[in-house]
1. Of the residues that make up segment 128-135, is at least one outside the structural domain of residue 27 (by TED's automatic domain parsing) and more than 15 Å from residue 195 (Cα to Cα)?
2. Between 70, 107, which is outside any strand (DSSP E or B) and either touching a Gly at 6+ places or on another chain (Cβ under 9 Å) or outside the structural domain of residue 155 (by TED's automatic domain parsing) (or both)?
3. Going through segment 27-71 one residue at a time, which ones are in contact with a Phe, Trp or Tyr (Cβ under 8 Å, 6 or more places away or on another chain), closer than 20 Å to residue 128 by Cβ and among the basic types (Lys, Arg)?
4. For segment 73-116, give me each residue that is of a type in the set (Asp, Glu) and surrounded by fewer than 15 Cβ atoms within 10 Å (Cβ to Cβ).
5. Which is over 20 Å from residue 99 (Cα atoms), loosely packed, with under 12 Cβ neighbours inside 10 Å and more than 29 Å from the chain's Cα centre (by Cα), of 37, 12?
6. Hey, among the residues in segment 241-272 that are modelled with pLDDT of 90 or more and β-branched (Val, Ile, Thr), which one's farthest from residue 202 (Cα to Cα)?
7. Among the residues of segment 1-18, are any closer than 20 Å to residue 146 by Cα, in the same structural domain as residue 56 (by TED's automatic domain parsing) and not polar (S, T, N, Q)?
8. Looking at segment 44-58, which of its residues are of a type in the set (A, V, I, L, M), surrounded by fewer than 22 Cβ atoms within 10 Å (Cβ to Cβ) and either at pLDDT 90 or above or under 19 Å from residue 165 (Cβ atoms) (or both)?
Amino acid sequence: MLSLLMGTAIVGRYVLIAPVGYGGVSVVYQAVDTFHGVRVAVKLLSSAFADDAYARDRVRQEALITNRLRHPSVPRVFDFGDAQLPDGGQVPYVAMELLSGTMLAGRLAEGALPWPEAVKVCATIADVLAIAHRRGVVHRDLTPTNIMMTETGPKIIDFGEATTVQAVSALALDQPLPSRRVSSAPAPADDVYALGVLLYQMLTGRSPYPTASADGQMHAARMRHIAPTPVLLVPGLPRVVAEVCRGCMAKRPEERPPASEVALALWSLMIDPAGGWTGPQRPLSSEPDVTELEPAPERPSPWPVPAPRSAPEPPAPGAHRHSGRAYAAARPEPYSTRSD
């Protein structure tokens with residue numbers, strides 16, 4: 001896959017500096033946005049796939065989905081469209097936030113993460129998945145090679161395999177997202193299982209199953225009744241973390257907790273290490289969560305309630321109330337000019 005020369009201008013705005021990453025069908029460059037004088041990342045479809053409609057849709061779909069997910073752990077998308085290359089070809093491009101850090105896969109190559117750091121990373125990724133699932137998006141490729149560890153926290157940098165599980169519209173162009181060719185119907189439970197595998201890898205430094213491919217891991221999960229748990233392999237690991245990991249890697253998708261529940265359980269652990277997790281509280285669904293509010297229980301009043309008092313008796317005729325005391329009214333005689 002050939003790289004463009006330094007100084008090449010994309011759509012007359014983004015001047016390429018150097019390639020910083022390669023994907024299956026695209027190249028990511030560090031570039032300068034000449035309109036705002038800042039550095040950005042520009043993803044370009046490789047010219048070898050310029051005539052591949054499916055590859056073009058992948059780049060466009062990633063831009064639309066990433067733009068739809070507003071989260072600190074998702075790179076911001078500034079611009080996307082079609083760019084004219086120096087050789088006359090036209091390919092899709094995406095200008096997005098330029099990130100700096102190390103890939104999680106590189107960190108795991110050196111060994112397991114300390115369990116508090118692993119829990120924090122997993123909780124952050126679960127936050128992103130919860131938002132994606134509520135908006136009808138399934139990532140489908142959650143692996144350490146798609147997560148970058150930056151100074152501000154982990155970032156999911158690749159949504160190229162993401163797809164939708166319900167009808168949604170792109171915010172930028174108000175157009176439907178392109179359809180995907182998938183071998184089986186995607187579901188949020190697939191991402192939750194991958195999240196459990198990711199947590200296991202961060203805690204132990206290795207995969208729970210011998211096979212490394214995502215499809216192989218899903219097949220292995222279907223053949224096992226109980227997912228492996230890291231509780232016996234990590235000294236000092238709170239029991240709740242092992243329970244969350246086991247729940248995410250449950251054999252039956254309907255037994256896996258929603259990503260929002262995983263995030264809540266792990267963030268609660270960081271706040272209250274003595275807390276526990278009781279497992280999924282509701283079936284996993286791709287539909288937005290709708291919780292029916294129950295009436296709040298009555299609470300005792302903080303102030304004593306006085307006993308009811310009977311109404312006061314009406315004053316006698318000719319009596320009035322003044323300053324809290326009754327008195328008889330002096331009724332003067334009618335004025336008269338007659339003298340006795």
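1. Among the residues of segment 128-135, at least one is outside the structural domain of residue 27 (by TED's automatic domain parsing) and more than 15 Å from residue 195 (Cα to Cα), which makes the answer yes.
2. Only one candidate passes the filter, namely 70.
3. Selection gives 43 alone.
4. Hits for segment 73-116 are 82, 87, 110.
5. 12
6. 262
7. Taking every residue of segment 1-18 in turn, none turns out to be closer than 20 Å to residue 146 by Cα, in the same structural domain as residue 56 (by TED's automatic domain parsing) and not polar (S, T, N, Q).
8. 53, 55
The values are calculated or read from the model by the stated rules, or taken from the named source; none is laboratory data. Everything numeric here is computed off the predicted structure, so don't read it as measured data. In this analysis, Cβ positions are derived from the backbone assuming ideal geometry, glycine residues included, and neighbour counts consider all displayed protein chains.
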